[in-house]
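Here's the structure we're looking at; comments come further down.
The values are calculated or read from the model by the stated rules, or taken from the named source; none is laboratory data. Computed from a predicted structure; not experimentally measured. Every residue, glycine among them, receives a Cβ derived from its backbone with ideal geometry; neighbour counts consider all protein chains shown. Note: accessible area is taken over every heavy atom of the protein model, side chains too, but ligands, DNA and RNA are not part of it. Shrake-Rupley method; radii C 1.70, N 1.55, O 1.52, S 1.80 Å.
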Amino acid sequence: MIRDTSMGSRIFDTLNILFLSAFALLTVLPFLYIIAGSFASEKQLATEAFFVIPKEVSLDSYRYILSSNTIPRSALVSIGVTLFGTFVNLFFTVTMAYPLSKKRLPGRNGIINMVIFTMIFSGGLIPTFLVVKGMGLLDRYASLILPIAISPFNLIVVKSFFQEMPEELEESAIIDGCSRYGVLWRIVLPLSMPVLAAVGLFYAVGHWNSFFSALIYLSSPKKWPLQVILRQMVMLAQFTAANMDSFDSDFVRPPEQSIKMAVIVLSVVPILFVYPFIQRHFTKGVMIGAIKG
Amino acid sequence: MSENDYCGHFPIGVSMATMSTAIETIDPMDLKTESGKRRIARMKKEKSLYILMIPGILYFVIFKYLPMWGLTIAFQNFQPILGFLKSEWVGMENFRDFFSSPDFFMIFRNTLVLSLLNIIFYFPMPIVLALLLNEVRQAAFKRAIQTIVYIPHFISIVVVASLTYVLFTTAGGAVNILMERLTGETINFLGSPRWFRPLIIGQTIWKETGYGTIIFLAALAGVDQNLYEAAAIDGAGRFKQLIHITLPSIANVIVILLILRMGQVLDNGFEQIFLMTNALNRNVAEVFNTYVYTVGITQGAFSYSTAVGLFKSVIGVILVLGTNGIAKKFGHSGLY
Amino acid sequence: MRKAVVLLPMVLALVLSCSRDGKAAASAGAEGPYPLSIMVMTISGEPMGDDSPVKKYIEEYTNTSLDIIWVPNTTYEDKMNITFASGDLPTIMVAPKKTSSVINAARNGAFWDITDYLKDYPNLSKANPQVLNNISIDGRVYGVYRARELGRNGISFRRDWLDRVGLDTPETIDDFYQMLRAFTYGDPDGNGKDDTYGMTVTKWTGPWDVMKMWFGAPNEWGEDSTGNLVADFETREYMDALKFFRKLYKEGLVNEDFAMMESSKWQEPYLSGKAGVVVDVADFSTTLQGEFETKLGFEEIVWDVVGSVEGDKGLHNLPFAGGYNGMLVITKNGAKTEEDMKKALAFLDKMNDYEMQIAMMYGLEGVHYTFDENGFYDVSTDKAVKAQYDSAAQMGMGIQGDFRYDPDQPIDRDELVLKRNAVYKSNLDIVVGDPCASFTSDTYAKKGAQLDKIIEDARVQFVVGLIDEAGFNDAVKQWRSQGGDDIKGEYNALYKQYK
């Protein structure tokens, strides 16, 4: 690109960078508060409204979290469900999206409309629960994965991406004696890494953040993922006093503020770690999948 | 309440845009121009493709369509303990109850106003931010800013609401301390009907603007760089390039997103509003979703809340079709 | 699409048939442990596990084998309704509130009516009749309530502040007012700065409900001069109370932002030394004292507590939550026969023994607690140790009294705790019951939440001065026309019937 080096252009660049920095700072300040809070003393949290630097740095809340195996265990569950769930998601999504990307496949439009219809109408909590129960999935990790095996949105992202691939590649492969499955596996998928990364991240974030299915479908506390524990800790303090049964608070006091913050930090950190690695693919993937031309 | 969780983790922007392309790509070739015989022959030839689809189709049938008979409870007085078969059928009673409720218009108004404000104030923000980011020449700086502004999307709304309180309370909140120093007065942001909507929009802008840029940045990345060079040679400045090249290249995405947002105008985020509502601002804060919650869920009125939800979905479909028609009139491709 | 339609009935039939085969609740041999499933909430994320020695002890003691279904309290009601719909109910479950789905489940025959069986059990027969009345549905008892201190509400205040401003323990409403004034304008912390106020109230409306009782307003419903029931906010006394609140607000004796303040932040003004009075459960005093000691390093006792203050109409107080927090119901789906039901009831009875209460709250001697040199309970604070009985107390009922208030139990109690316990006790003489607690109004079940909000909002708006008495009366009119009159009619009919 030819650089515009006029005065106005340079002023704009400076202002732009200043503005974006300010916006980023505004974004990050509350998050800094949470991080600072997770290291701060209870006294500071109770008496100061807002701060980003803890007066005295204490690792107590993190030590507390790791003192019992609940959080490590639930984090492992979350990681397992996220990895395996994302794999299942991608499998279901790809196998359905590939045929749907063939514009001349008879019946294709009917199926696409059927998919889109589910975006607008859903049966609701109880019927879905009864189906999950009927499938014998209750209290199994599969109940966190199978009922959300395909997100219609992601399905269509992948389908659109496949649709953009040059037909010739596939056709020549078929002429060479490759089956449809072989084409998908050896030609289409390797070329689809960007969209798979993007959609995979969507799915993974969904699994990582989901808590409601676990609450409803899993009755063994040992199987609860991290978000259930996190929510329980954060909500408990939210509801104290209002719905408070102080009888309970005599025995299990709501966790200290700093511990809540530490749990929040822990639950967000994995996403932030993974994110930059995927970010590049990500934009590319969504781009081709979502917007054509 | 729960169903939305499943797909609510990424911005409406991305997901909705993709949905649109799906609808719009229906191929004229597929219309019933060919004979049944050829069709069947082709279906046979593509057997492997149909086999591939089996898991996906089974998924939709079992987990999406099978539970849909649950919508019929909108016409029942559903009692969980009696089940679907034994609960009493009441026809349109739940709908009548809802329409005759004195709160109906208040809720309708609040919901629409909030959604419109959202479209006016929040909707352009990701576009503006994406355009500004697109103008940044230092790749490292751009990437750093991007990573930072995505973070809030991942933070629970409970935490956001609680931070809002901490910052805006009259009892020593940072914003009010500042206000007092500057103007000598404090403003009761959290407890005044006037400030409720700005606060909600502000929260949304803070939380979702960054993440919302993704789709626009993606579109911008697809713009042919030669166009800019050609324009620069023709003597067009950056601003002109923005107007004549950049904006038109994402106009379609904007229109599509706008249309899809229209379909959602009755759907304001429940948790966010619920957490920000109090006795002093309730007359502007109560919206469909919070209403369904207080009347329906907390008292276990499943039928009633399903009826309201069904009403909402139907209106949503009508709105999408309507705006789609308008968009077409103005020369955009629309969705269908 | 068409395929789906064909498949639908097939899979539907499959699902329905699958949901039939409930849990095989077949009773084991006559002497063997009786298998029981029980659904309760957990308030933490790590409730007592299956390998916990406390659970084993409970099973041995009650001769049962327990299948405990833990549900986080934040979603308990969702899970409960789903469980109802699934047709696969545990033998025993907590019904946390008398919501319309619980009432309907009882009416539709989901639970055993245990009214006539309670007398056969040593502990259950001691149940408090007033609380039994509060939990009953259409005049019948469907569960064993989880007892909570009926006289739990009180006024907690900073004793050291009160001494510094030279006032005595408040006895009348005016004393209470003077205390708030002195705490606001009399520099109670002695730092020479005007940085304190009287009392913190939050979004939660509980404190106003407690204070209205001081003025002689009824608890939700009361008789007017003709013997008909009227809502509390239709009475003169209620308006007197409202005007008092408005005065407190206007004079800055309560926090300006109370209507917005999250109740999770309630403790903060006290911990930062800004406020000195709280009207809520009396154990707020002991809780805050504990926080002062652990977080702020206080060594002496600075908090104090009284039950209520006297007004023109005498000394009254609000009973805490009807004296219960949910009840444990026995389902007909889980306990198929009367025999099964009696076994489940026997289990609930045994869970009320002191041994069980102690196990659920403190764990086992030598493992979870020991006795210190004074012979007092010394409960381990180790997180992993505590997790072995975490949330177990949710299964407890405490029908024969909470062992912690039993003076014979060797518990280390400071004078504040003793005082608080005395407040609980003395409150029992002055709490005013809700005459409609056991009644069910269909209109209320349908519109109650919205109607309650009309009055709650109007009350707050009156207190902060947004509306005047006429405005409040308009809200009452609105309440009456939108369904309040129907509720009143339904309650009055029931009241005459059961009186």
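Put simply, of C:88, C:78, C:168 the only residue that is open to solvent by 10 Å² or more (accessible area, probe 1.4 Å), at pLDDT below 95 and assigned to a loop (DSSP other than H, G, I, E, B) is C:88. Please determine whether any residue of region C:481-495 is outside any helix (DSSP H, G or I) and either open to solvent by less than 40 Å² (accessible area, probe 1.4 Å) or within 13 Å of another protein chain (Cβ to nearest Cβ) (or both). So far as region C:481-495 goes, no, none of its residues is outside any helix (DSSP H, G or I) and either open to solvent by less than 40 Å² (accessible area, probe 1.4 Å) or within 13 Å of another protein chain (Cβ to nearest Cβ) (or both). Assessment of region B:99-116 against the conditions (open to solvent by less than 20 Å² (accessible area, probe 1.4 Å), of a type in the set (Val, Ile, Thr) and free of Cβ contacts under 8 Å to residues at least 12 places away in the same chain) yields no matching residue.
Looking only at residues of region C:109-139 that are modelled with pLDDT under 90 and either in the same structural domain as residue C:493 (by TED's automatic domain parsing) or in a loop (DSSP other than H, G, I, E, B) (or both), we find that the one that is nearest to residue A:126 (Cα to Cα) is C:138. Condition test on residue A:130, is it open to solvent by 20 Å² or more (accessible area, probe 1.4 Å) and either aliphatic (A, V, I, L, M) or in a helix (DSSP H, G or I) (or both)? No; evaluated as a whole, the condition is false for this residue. Only one of the listed residues (C:339, C:373) is over 30 Å from residue C:140 (Cβ atoms), assigned by TED's automatic domain parsing to the domain that holds residue C:108 and open to solvent by 10 Å² or more (accessible area, probe 1.4 Å). That residue is C:373. Candidates are the residues of region A:10-33 that are polar (S, T, N, Q) and over 20 Å from residue B:155 (Cβ atoms); the one that is nearest to the other protein chains (Cβ to nearest Cβ) is A:16. If you go through region B:217-259 and keep only what is surrounded by 13 or more Cβ atoms within 10 Å (Cβ to Cβ), among the charged types (D, E, K, R) and more than 9 Å from chain A (Cβ to nearest Cβ), you end up with just B:240.
Of all residues in region C:458-477, those that are within 8 Å of chain B (Cβ to nearest Cβ) and either open to solvent by 20 Å² or more (accessible area, probe 1.4 Å) or on the phi > 0 side of the Ramachandran plot (or both) total 3.
Reported count of residues in region B:47-84, each being open to solvent by 30 Å² or more (accessible area, probe 1.4 Å) and outside any helix (DSSP H, G or I), is 3.
Can you pull out every residue in region B:180-198 that is within 14 Å of chain C (Cβ to nearest Cβ), part of a helix (DSSP H, G or I) and open to solvent by 20 Å² or more (accessible area, probe 1.4 Å)?
Across region B:180-198, the qualifying residues are B:180, B:193, B:194, B:195.
From the list A:126, A:116, A:112, A:148, the one residue that fits, being out of contact with any Cys (no Cβ under 7 Å at 6 or more places or on another chain), closer than 15 Å to residue A:95 by Cα and either touching a residue at least 60 places away in the same chain (Cβ under 8 Å) or in the same structural domain as residue A:274 (by TED's automatic domain parsing) (or both), is A:112. Filtering region C:39-75 to residues that are within 7 Å of chain A (Cβ to nearest Cβ), touching a helix residue (DSSP H, G or I) at 6+ places or on another chain (Cβ under 6 Å) and open to solvent by 20 Å² or more (accessible area, probe 1.4 Å) leaves C:46, C:74.
Those helices (runs of 4 or more DSSP H) of region A:7-68 in which at least 1 residues are open to solvent by less than 20 Å² (accessible area, probe 1.4 Å), more than 26 Å from residue B:161 (Cβ to Cβ) and not assigned by TED's automatic domain parsing to the domain that holds residue A:266, considering only elements entirely within it, cover A:7-39. Listed here are the helices (runs of 4 or more DSSP H) enclosed by region A:176-258 that have at least 3 residues being at pLDDT below 60: A:226-239, A:246-249. If you go through region C:352-363 and pick out every residue that is in contact with a Gly (Cβ under 9 Å, 6 or more places away or on another chain) and either part of a loop (DSSP other than H, G, I, E, B) or of a type in the set (A, V, I, L, M, F, W, C) (or both), you end up with 4.
When you look at residue C:389, is it under 15 Å from residue C:57 (Cα atoms) and open to solvent by less than 40 Å² (accessible area, probe 1.4 Å), yes or no? For residue C:389, the condition - under 15 Å from residue C:57 (Cα atoms) and open to solvent by less than 40 Å² (accessible area, probe 1.4 Å) - is met. Scanning region C:140-158 for residues that are away from chain A (no Cβ under 14 Å) and either open to solvent by less than 40 Å² (accessible area, probe 1.4 Å) or over 27 Å from the mean Cα position of the chain (by Cα) (or both) yields C:141, C:142, C:143, C:144, C:155, C:157, C:158.
Taken over region A:105-123, the residue count meeting the criterion of being open to solvent by less than 30 Å² (accessible area, probe 1.4 Å) and either of a type in the set (Ser, Thr, Tyr) or part of a loop (DSSP other than H, G, I, E, B) (or both) is 4.
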